[in-house]
Amino acid sequence: MGLLHRSNLLQTVGYEFEQWNLLLKKEKSIYHILNMLSINVTKKCLLAEGWCPLSATSQIQKVLLQATTDCSSQVGAIFQVLQTKELPPTYFCTNSFTSSFQEIVDAYGIAKYQEANPGVYTIITFPFLFAVMFGDWGHGICLLLATLYFIINEKRFSSQKLGDILEMVFGGRYIILMMSLFSIYTGFIYNEFFSIPFELFGPTAYACRDPSCRDATTIGLIKVRNTYPFGVDPKWHGSRSELPFLNSLKMKMSILLGVSQMNLGIILSYYNAKYFENNINIWHQFVPQVLFLNSLFGYLSLLIIVKWCTGSEADLYHVMIYMFLSPTDDLGENQLFAGQKFLQIMLLLLALVAVPWMLLPKPFLLKKQHKERHKGESYSLLFTGDDPLESQPDGAHHDKDDFDFSEIFVHQLIHTIEFVLGAVSNTASYLRLWALSLAHSELSSVFYDKVLLLALGYNNTIVLIVGIVVFISATVGVLLIMESLSAFLHALRLHWVEFQNKFYEGDGYKFFPFAFATLGDEDGL
């Protein structure tokens, strides 16, 4: 009887344990918050100070009134807005779709209160940059099917305890959804389906010189009809023109995307400065940064577009190098448009002027602002002790807002050097879009040509089955998992370093509301 009673008792405790555990956590959290409150001088009520979103003030008042009614209290809770000079925490209202993108930004740093939030742009730019490196609509469909499985079974997975890797994938399911959709789009542009091209948007514009097509990889193709309407022409796959063309296309495309995103970051720094009414940053940081970046790499982007539109054979490497080494020399065959030499000299002068413009005016203007702010003020120690010798003469003490010109100047010098060198290194860093895209395409082509086609050529069922298994394993393990993780990390790096450092300080702190809903996910208090 004793063993049966103990078994029934343990079974009852097991059924109720989770509920008891949650109730205990709630009670402990309540006492933890009450310990942070202060007691009124009358010792009859408690005072609490905290932050709340402005949109939630009416809701909080209703809840407090309802609580007073429910407990039949004779004294109601008083809710009053206090004025403070403390920097408020940062709170962004997110949902299940946007929260994962916001976590990417928060992993770099929490936005300062009312600072521009890069998470809004990350929803589009992050999956797009990933897709530039992972452009294959066959692989994109595989990612889409995998993430749709998690989204359709969202309620079931959210109520289960998953492993570390599966939990991470499930938490980023909407990021993977966007990445797969953009990968399908860029895959159509690259015309790659597991490295196999298709004539989806019309017939190819090129043909071989002879019916056997033996010289396609040596001599090349000839154009027989209008240009293929969308994306890369399928006939170039495996031809002599394929690798040089894709190299040139993806490299120039990477520079255009990089300069565009860096310009977006600098423009956001303008809106930050405008919102906080910092005219010094507008005129002596935003303006010279725009001039410097676009005088060099904005001009390079212009040359790329002009060369694409005109079909010129100009060597852009030669143009950019000799723009610095010999700006007054004649361009010769590298001239793409009239007045190019004069424009290059003007842009070079603007870039040279922008560097001291970033460096010198801001520290002196900040010093002038500080003097005007404290003009007419005097500082002295109020004597309250018994020994008059303990007092110090006027001016011996400085306020905590003392201005250190040398520190400000060194900080501005570091910032200027970082931007000037970063304009070169960050633009070069975007070439990883070209490198990873080319690596993904070549790996996919190797697996298709050297594994699947090779197995098909043996006319043996066993060899064919082995070849298909190896091809699927290599595609899933290398291309869908390793390559997608690599592209994800590189896209993350481009957002954190090349994009966000142009405007995002990220020195705020996050708003953590007190809520029972979050207690179930915690191990304890």
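The values are calculated or read from the model by the stated rules, or taken from the named source; none is laboratory data. Worth saying up front: this structure is predicted, and the values here are computed from it rather than measured. For neighbour counting, all protein chains shown are included, and Cβ atoms are generated from backbone atoms with ideal geometry for every residue, glycine included. Ligands, DNA and RNA are stripped out before the accessible areas are found, and what is left, the full protein with its side chains, is counted by its heavy atoms. Shrake-Rupley method; radii C 1.70, N 1.55, O 1.52, S 1.80 Å.
Things to note:
- Tallying residues that are open to solvent by 40 Å² or more (accessible area, probe 1.4 Å) and aliphatic (A, V, I, L, M) within segment 177-201 yields 4.
- Check on residue 517, over 30 Å from residue 428 (Cβ atoms) and in a helix (DSSP H, G or I): yes
- Of the helices (runs of 4 or more DSSP H) lying entirely inside segment 148-194, those containing at least 1 residues that are basic (Lys, Arg) and in contact with a Ser or Thr (Cβ under 9 Å, 6 or more places away or on another chain) are 173-190.
- Meets criteria (farther than 23 Å from residue 448 by Cβ and out of contact with any strand residue (DSSP E or B) (no Cβ under 6 Å at 6 or more places or on another chain)) for residue 192: no
- Number of the condition not met by residue 414 [criteria: (1) crowded, with 17+ Cβ neighbours inside 10 Å; (2) free of Cβ contacts under 8 Å to residues at least 40 places away in the same chain]: (1)
- Inspection of segment 443-464 finds no residue satisfying the criterion of being within 30 Å of residue 63 (Cα to Cα), open to solvent by less than 50 Å² (accessible area, probe 1.4 Å) and touching a residue at least 40 places away in the same chain (Cβ under 8 Å).
- Taken together, the residues in segment 202-245 that are open to solvent by less than 50 Å² (accessible area, probe 1.4 Å), of a type in the set (D, E, K, R) and not in a loop (DSSP other than H, G, I, E, B) amount to 1.
- Here 447, 403 are screened, and the one residue that is touching a helix residue (DSSP H, G or I) at 6+ places or on another chain (Cβ under 8 Å), among the aromatic types (Phe, Trp, Tyr) and either in a loop (DSSP other than H, G, I, E, B) or at pLDDT 95 or above (or both) is 403.
- Being surrounded by fewer than 16 Cβ atoms within 10 Å (Cβ to Cβ) and in contact (Cβ under 8 Å) with a residue 40 or more places away in the chain is a description that does not apply to residue 79.
- Taken over segment 1-54, the criterion of being open to solvent by 80 Å² or more (accessible area, probe 1.4 Å), within 40 Å of the chain's Cα centre (by Cα), under 27 Å from residue 90 (Cβ atoms) and without any contact (Cβ under 8 Å) to a residue 24 or more places away in the chain is satisfied by 35, 36, 54.
- In segment 246-281, residue least open to solvent (accessible area, probe 1.4 Å) [restricted to those that are within 25 Å of residue 429 (Cα to Cα) and among the hydroxyl-bearing types (Ser, Thr, Tyr)]: 254
Residue by residue, here is whether (1) touching a residue at least 12 places away in the same chain (Cβ under 8 Å); (2) surrounded by 20 or more Cβ atoms within 10 Å (Cβ to Cβ) holds:
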{"residue": "89", "(1), (2)": "yes, no"}
{"residue": "95", "(1), (2)": "no, no"}
{"residue": "98", "(1), (2)": "yes, no"}
{"residue": "101", "(1), (2)": "yes, yes"}
{"residue": "114", "(1), (2)": "yes, no"}
{"residue": "118", "(1), (2)": "yes, yes"}
{"residue": "122", "(1), (2)": "yes, yes"}
{"residue": "127", "(1), (2)": "yes, yes"}
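- Residue count for segment 306-333 satisfying the condition of being open to solvent by less than 80 Å² (accessible area, probe 1.4 Å) and under 20 Å from residue 256 (Cβ atoms): 11.
- Qualifying residues in segment 142-154 (those that are β-branched (Val, Ile, Thr) and open to solvent by less than 60 Å² (accessible area, probe 1.4 Å)) - the one nearest to the chain's Cα centre (by Cα): 147
- Some residue of segment 351-367 being loosely packed, with under 12 Cβ neighbours inside 10 Å and modelled with pLDDT under 90: no
- Residue, surrounded by the most Cβ atoms within 10 Å (Cβ to Cβ), within segment 468-492, restricted to residues that are in contact (Cβ under 8 Å) with a residue 24 or more places away in the chain and under 11 Å from the mean Cα position of the chain (by Cα): 491
- Unique residue being β-branched (Val, Ile, Thr), out of contact with any Pro (no Cβ under 6 Å at 6 or more places or on another chain) and closer than 26 Å to residue 299 by Cα when the list is 427, 475, 461: 427
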